[in-house]
Amino acid sequence: MVGYAGGESYALVIASTEGGSVTTPGEGTFTYYEGTVVDLVAGLEVGYRFVNWTGDVGIIADVNDATTTITMSGNYSITANFEEVNFMVAARWYHTVGLRSGGSVVAVGDNFMGQCNVGGWTDITQVAAGGYHTVGLKSDGTVVAVGWNKYGQCNVGNWTNIIQVAAGNSHTVGLKGDGTVIAVGWNEYGQCNVGNWTDIIQVAAGGHHTVGLKSDGTVVGVGRNEYGQCNVGRWTDIIEVAAGSHHTVGLKGDGTLIAAGWNWAGQCNVGNWTDIIQVAAGGHHTVGLKSDGTVVGVGWNDFGQCNVGGWHLN
């Protein structure tokens, strides 16, 4: 915020709709001197995107930008508006999956084990991409899966009351409505040892590790950790987590990202990404969905798994 002291002062009343909040300067009533330029920053919740500012917006620099300014020359009341989105991306070793807004699914990349055979899926609300399998959550809380099943990672047909799914290289994780977690598949490194987790609001399954986001914005992890992919205990203000083969990514409330773990192909080079509303971590690549429905990707691309620049999922 820039400006000067002196002269008349005015009140600025700030509010937000469901799906986000105004992080700078906050929400409520604030008092500023005339001519003060006030920074406005609207932060997103997972599954929502910023729409615009409404109210006394004639003096807002850009009503369509979540990060903008307002110049005080009177008493103003403004609201940051958000809307829910129901499209998303998922990624793993050699394939990338996209959920369209109507509940259908698309996939690109290697299909040796049938992991891209999702064209007939309907009524899907969330997708997850495993090493060689793909998992879909249906609106009734049941789960479907296709692809490699050597370790039982596709044995999810009896799951119920699931609100989110995650797929690792050879294991699948389900988050239940009561904040507990279940898992099936390979467990050599303890990646399925999630039975004692509570207060979880989102899960992610890496190559051989599992990560859980708690309601207070902190993160827990179990499983293989030779590259530091489970070193997430100090993360805060996280609203979504994603787990690759040997790396973990966290989406913060302001639309930026942090990452930990192996970075040989640049899969952790996400520090300059902004306006992200959902993130997915593949084997050695990371994919981000922006609020306008476009997609960005970094990391290993030998099978075209980062060729998502032309996707528009809204």
Kindly check whether there is at least one residue in segment 134-142 that is assigned to a loop (DSSP other than H, G, I, E, B) and over 21 Å from the mean Cα position of the chain (by Cα). yes
Residue under question is GLY309, and the condition is that it be in the same structural domain as THR172 (by TED's automatic domain parsing) and farther than 19 Å from ILE201 by Cβ; does it hold? no
Residue hits (segment 267-297; farther than 21 Å from GLY233 by Cα, touching a residue at least 12 places away in the same chain (Cβ under 8 Å) and in a loop (DSSP other than H, G, I, E, B)) are TRP273, THR274, ASP275, GLY282, GLY283, HIS284, SER291, ASP292, GLY293
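Which members of segment 34-87 meet the condition of being assigned to a loop (DSSP other than H, G, I, E, B) and either of a type in the set (A, V, I, L, M, F, W, C) or under 26 Å from LYS214 (Cβ atoms) (or both)?
GLU45, VAL46, GLY47, VAL57, ILE59, ALA61, VAL63, ALA66, MET72, VAL85, ASN86, PHE87
Select from segment 201-217 the residues that are on the phi < 0 side of the Ramachandran plot and touching a Ser or Thr at 6+ places or on another chain (Cβ under 6 Å) and write down the one among them that is modelled with the highest pLDDT. Walk me through it before giving the result.
First, pick out the residues of segment 201-217 that are on the phi < 0 side of the Ramachandran plot: 201-216.
The next check asks that each one be touching a Ser or Thr at 6+ places or on another chain (Cβ under 6 Å); those that pass are 201, 207, 211.
Values: ILE201: 93, GLY207: 89, VAL211: 97.
Out of the qualifying residues, it is VAL211.
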Answer yes or no as to whether GLY288 is in the same structural domain as HIS95 (by TED's automatic domain parsing), closer than 16 Å to LEU99 by Cα, surrounded by fewer than 18 Cβ atoms within 10 Å (Cβ to Cβ) and among the small types (Gly, Ala, Ser).
no
Reported set for segment 4-23 where residues are surrounded by 15 or more Cβ atoms within 10 Å (Cβ to Cβ) and in a loop (DSSP other than H, G, I, E, B) is GLY19
Within segment 59-88, residues being surrounded by 17 or more Cβ atoms within 10 Å (Cβ to Cβ), touching a Phe, Trp or Tyr at 6+ places or on another chain (Cβ under 8 Å) and under 21 Å from GLY288 (Cβ atoms) number 3
Here the qualifying pairs (Cβ atoms under 7 Å; residues six or more apart or on different chains; first in segment 197-212 and hydroxyl-bearing (Ser, Thr, Tyr); second part of a strand (DSSP E or B)) come out as THR210/VAL173; THR210/ALA183; THR210/VAL203; THR210/GLY221; THR210/VAL222; THR210/GLY223
Per the list (1) under 23 Å from ILE277 (Cα atoms); (2) assigned to a strand (DSSP E or B); (3) at pLDDT 95 or above, residue check on GLY26 breaks on (2)
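So that you can scan it fast, the table gives a plain yes or no per residue for (1) more than 24 Å from VAL165 (Cβ to Cβ); (2) in contact (Cβ under 8 Å) with a residue 40 or more places away in the chain:
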| position | (1), (2) |
| --- | --- |
| VAL63 | yes, no |
| ASN75 | yes, yes |
| MET88 | no, yes |
| ALA91 | no, yes |
| VAL97 | no, no |
| GLY102 | no, no |
| ALA107 | no, no |
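The values are calculated or read from the model by the stated rules, or taken from the named source; none is laboratory data. Just so you know, these numbers come straight off a predicted model, no measurement behind them. A quick note on method: Cβ atoms are made from the backbone with ideal geometry, for glycine too, and the neighbour counts reach across all protein chains shown.
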